[in-house]
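Structure first, commentary second.
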Amino acid sequence: MRARNFGFAKTAQFPHGKKGMTLKMSKKNILVLAPHTDDGELGCGGTISKLIEEGNIVWYAVFSICEDSVPIGFPKDQLETELKKATNFLGIDSDKLFIHRYPVRRMNEYRQNILDDMIKIRKEINPDIVFLPSNNDIHQDHHVIASEGIRAFKQSSLLGYELVWNNFTMNTSAFVKLSQCHIDKKVGALSQYATQQNIRSYMSRDFIESMSKIRGVQVNAEYAEAFEAIRWIL
């Protein structure tokens, strides 16, 4: 599959012969599916910032607030609090959040419930585009959200986001070009997760900027985020 740059701005450019083809892409209803708090920001935080900047409506659904993973000394719902701060920093309104509380690393036991939750969201907001974990994500919870997300939102365009520490392979067939301001927003959002600082190396500005620069080089941009084009509906 040829790599495509999905700009989501006033227009998106698709390779099509010498002249190219321009498609209107603004004012879309966008949904981000996150298995756990911070997954959405890590996978597509820069893209979320850009989409909101361009006037799109972005919704965010998280399926675990990871109460069993909160470090000692923090309240059990600390990650929910941090999630709200992080998504607000990106510009997602609080009424655009769907928060579910499935136990971390046990989502496989609740597949039907999770699918039912997704179908409820689909009926409520009918998203044009859904961002979700890559099909190649090896984390057990991420795999459940990816597979059930494809089932629930098969009538939407589907883009799998990249979490390189979980991906043995990644079909980077779609890119969103980003600017420094979008990377700053992504880093700022992730900095709201006080419980994760100095624990996860992939939360650092150095890592985020480096990955974004690598993906940017691939599409002749300063920065970019890469995605797996699972389904694209025009």
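General remarks:
- Under Karplus coefficients 6.51, -1.76 and 1.60, residue-wise ³J(HN,Hα) of the range 75-88 in Hz, glycine/proline x: x, 4, 9, 4, 5, 5, 4, 5, 4, 4, 5, 5, 5, 5
- Pairs of Cα atoms farther than 26 Å apart, the range 31-150, %: 15 percent
- Put a plus charge on the Cβ of each Lys and Arg, a minus charge on the Cβ of each Asp and Glu, and nothing anywhere else: the dipole of the range 25-231 about its Cα centre is then about 360 debye.
- Taking amide H positions as modeled 1.01 Å from N, with prolines and chain starts lacking one, the residues under 5 Å from L163 and 5 or more places away or on another chain are S134.
- Legend: ranking of residues H36, H142, H100 from fewest to most surrounding C-beta atoms inside 10 Å; resulting order H100, H36, H142.
- With each label modelled as a point 7 angstrom along the Cα→C-beta vector, the R231-N29 pair spans 1.6 nm.
- Listed residue (C66, L79, S157) projecting farthest to the positive dipole end of the range 60-219, Cβ model: S157
- The residue list I114, L42, S201 was ranked by how far each Cα lies along the charge dipole of the range 25-231 toward its positive end, using unit charges on Cβ atoms, and I114 comes out on top.
- The relative contact order of the chain comes to 24 percent, based on Cα pairs under 8 Å that sit 6 or more residues apart.
- log10 of Debye I(q)/I(0), alpha-carbon scatterers only, for the range 86-218 at 0.15, 0.16 Å⁻¹: -0.91, -1.05
- In sequence order, calculated HN-Hα J values of the range 142-158 (Karplus, 6.51, -1.76, 1.60; Hz; x Gly/Pro): 4, 4, 5, 5, 5, 5, 6, x, 5, 5, 6, 10, 5, 9, 10, 6, 10
- Rg over Rh, two decimals, the chain (C-alpha only, Kirkwood Rh): 0.94
- Alpha-carbon centroid distance for the pair the range 83-119 / the range 172-234, whole angstrom: 21 Å
- Placed amide H near H139: partners under 5 Å, 5+ positions off or other chain: none
- The rule of thumb for compact globular proteins, 2.2 N^0.38 Å, goes into the C-alpha radius of gyration of the range 48-92 1.40 times.
Here, each number is a calculation from the coordinates, and none is a lab measurement. The shown structure was predicted, so the numbers you read here are calculated from the model rather than taken from an experiment. Glycine also receives a Cβ, built like all others from the backbone with ideal geometry; neighbour counts cover every protein chain displayed.
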